[in-house]
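Undergrad: Pasting in a structure now, in structure tokens, and then I'll have a few things to ask.
Any read-out appearing in this document is the output of simple, stated calculations on the displayed coordinates, not a laboratory observation. Just so it is clear, the structure is predicted and the values come from calculations on it, not from any experiment. Neighbour counts are summed over all protein chains in view; Cβ atoms, including those assigned to glycine, are modelled from backbone coordinates with ideal geometry.
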Amino acid sequence: MEIVNTLGRTRAPLVPLVEGEIGIYVCGPTVQANPHVGHGRSAVAFDVIRRYLVYRGFNVTYVRNITDIDDKIIAAASEQGLTIDTVAERAAERFEVTQDALGVLRPDVEPKATDHIGEIVEMISDLIGKDHAYEASGDVYFSVRSFPSYAKLSNRNIDEMLSGARIATGDIKRDPLDFALWKGAKPGEPAWPSPWGEGRPGWHIECSAMARKYLGDTLDIHGGGSDLIFPHHENEIAQSEAVTGQAFARYWLHNGMVNLSGEKMSKSTGHFVDLVGLLSDNPPLAIRLFYLRAHYRSNVEFSADLIADSVTAFERLMAFRRRHEGLEDTAADPGVVDAFEAAMDDDFNTPVALGVLFDAVRDGNRVADEGGDAAALAAAVELIMGVLGLIPDADGLTDLATRIDELAVKLGLEPDGDAEATLLAVIERRTKARIERDWPTSDTIRDGLSEIGIVIEDGADGVAWHRK
RNA sequence: GGCGACGUGGCCGAGUGGUUAGGCAGAGGUCUGCAAAACCUCGUACCCCGGUUCAAUUCCGGGCGUCGCCUCCA
């Protein structure tokens, strides 16, 4: 298995620190507002990576943080007249809802910054003790010049960065490039005690502290969005390596951005599409499929048309599963599985993997059309969809029970207590109409079912139904 | 200005020194009361200019263009 490492921009075999074990740390959200489509992409990208590593037999420990204290949260709280806890909790809840809908597995550990103030303070103290950081007026700053390999991830030249002139020259910082580890509290702001007075952590330090706590001094994989490469990940490296003297992460993986009309979605500019709304308007796993159609490292374009494409493609996968769900358990077609693994072994190339998947779908349908045995192909499709996280939870009909009953009554039928039984009775009624060649009645029933979200398909071997 | 990514058929999006990616859309056909689903057939695409090569979309150089980061950001 080969992966592309942002650090050094090399492609190399994935070799974990401890054979068979992989520790992954992914930068999660700063919980300040609803997540947008870009956040979903990052989550799905690393969820697939995680699932595939598990599929390949690695014992994976997956850590994704929640940053629940930061300037933006404080600003949002004061704007909305809420406490920062309320803002953070609400946003975190919304985030979780989207994660579940997208089929993103919960992390093994999901640490919050505010639960790790002790570890953070300790790490900052270490940095001060090692002369990599200094206190100034109640703040603590990391001294970038004290860490010679600073900017190795983003491949920048410190001296040239200064001439960029976009860096505000702070009066209390010794060097304009130095960044805050600890910020002294201003009146009314949330604060925790520290050796440097009441205050709160700077943005980058929580990741260093929590990653170290849960995964040790050296991580196998550190992931996040490409917009975090500089300065966030660069600063994490500086903090962690200055403390431990060890390489912080063996492999750095970065997902590309989601663009809207050619430009990156961004919360701060208001140029984004709300993920909660998108997921409620579409089959959530179709959105997951949308993400997987591009390689995780590439930027990808978002539009309503592209989502519609993905919904159609996803429905095709669902139709295939319905058609073949009765088949006996069989070993997955080895040729298909090999092709899938080859694609994923190549830096998690999901577009190619999807090509393999859709090839198998077409072949499976053809074999079935010709009356052959498609079980091995269907099993391969199931396997691939499982690893990619594209299989929905079985959904019952309980939420539609009332409407199904209403439809039954309209047709002069007695509702059964069980929604599915009632539905089958309705379908039976339609079949009767069809036998009598009473097309108006037949079509009216089909339309009525369609209205409540149930699709009817007349096949050679009977009538099938499924939810939209 | 610095660092990085990229320019592929109607749209999206992989990939390769000479052999079909895939999805969606479109055209025709099979099946069907209609619809849906499904299958078959159909598109010789690779920004421009040089160079290397028997052969370049794929390698090298130059140009043009787009995007990201350099400030909070998945």
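Undergrad: Please give the helix A:37-55 orientation as an angle from the longest Cα principal axis of chain A, in degrees from 0 to 90, rounded to the nearest 10.
TA: Its long axis makes an angle of about 80 degrees.
Undergrad: Report, ordered by chain and residue number, the lysines lying within cross-link reach of A:K130, taken as a straight Cα distance under 28 Å and ignoring same-chain residues fewer than 8 apart.
TA: List returned: A:K112, A:K152, A:K173, A:K183, A:K186, A:K213.
Undergrad: Same structure again: Would you please classify the overall shape of region A:291-402 from the alpha carbon gyration tensor, given that a ≥ b ≥ c denote the square roots of the eigenvalues, rounded means a/c under 1.5, and beyond that prolate means a/b larger than b/c while oblate covers the rest?
TA: In terms of gyration-tensor shape, oblate.
Undergrad: Kindly express, to the nearest 10 degrees and within the range 0 to 90, the angle between helix A:334-345's C-alpha long axis and the longest C-alpha principal axis of chain A.
TA: Once rounded, the angle reads 20 degrees.
Undergrad: Follow-up question, since we're still on this one. For chain A, with only Lys/Arg (+1) and Asp/Glu (-1) charged at the beta-carbon, what is the dipole magnitude about the Cα centre, in debye rounded to 20?
TA: For chain A, the charge dipole is close to 1080 debye.
Undergrad: I'd like the antiparallel share, as a percent to the nearest 5, of DSSP beta bridges with both residues in chain A.
TA: Just about 55 percent of them are antiparallel.
Undergrad: Right, here's the next one. Quick check: pseudo-label points 7 Å beyond the Cα along Cα→Cβ at A:R316 and A:D217, how many nm apart are they?
TA: 5.2 nm
Undergrad: Add -39500 (n - 2.57) for each DSSP H run of 4 or more in chain A, then divide by its residues: what number comes out at 222 nm, to the nearest 500 deg cm²/dmol?
TA: -14500 deg cm²/dmol
Undergrad: If you don't mind, there's one more thing I want to ask. Can you sort A:L306, A:L383 so the residue with the fewest Cβ neighbours within 10 Å comes first?
TA: Fewest-to-most ranking of A:L306, A:L383: A:L306, A:L383.
Undergrad: Fewest to most neighbouring Cβ within 10 Å: what's the order for A:V60, A:V18, A:V31?
TA: The most exposed by this proxy come first: A:V18, A:V60, A:V31.
Undergrad: Classify region A:1-149 from the C-alpha gyration tensor, please: rounded if a/c falls under 1.5, else prolate or oblate depending on whether a/b exceeds b/c.
TA: The shape class here is oblate.
Undergrad: Please report A:E428, A:E110 as a ranked list, fewest other C-beta atoms within 10 angstrom at the top and most at the bottom.
TA: A:E428, A:E110
Undergrad: Going by a ≥ b ≥ c, the root eigenvalues of the Cα gyration tensor, does region A:287-350 fall in the rounded group (a/c under 1.5), the prolate group (a/b larger than b/c) or the oblate group?
TA: oblate
Undergrad: Could you work out the relative contact order of chain A, using alpha carbon pairs under 8 angstrom and six or more residues apart, expressed as a whole percent?
TA: Value for chain A: 15 percent.
Undergrad: Measure nothing but the geometry: give the 0 to 90° angle between the long axis through the Cα atoms of A:84-101 and the longest principal axis through the Cα atoms of chain A, rounded to 10°.
TA: The answer is roughly 40 degrees.
Undergrad: Expected output is a single nm value to one decimal: the length gained when fully extending between A:T398 and A:S450, i.e. 0.36 nm times separation in residues minus the C-alpha distance. What is it?
TA: Full-extension gain reported as 17.1 nm.
Undergrad: Based on DSSP, what percent of beta bridges with both residues in region A:209-293 are antiparallel, to the nearest 5?
TA: 35 percent
Undergrad: Explain nothing, just the number: relative contact order of region A:323-388, from Cα pairs under 8 Å at least 6 residues apart, as a whole percent.
TA: After rounding, I find 45 percent.
Undergrad: Right, another one. Express the relative contact order of region A:116-156 as a whole percentage, based on alpha carbon pairs under 8 Å and six or more residues apart in sequence.
TA: In percent, rounded to a whole number, it is 24.
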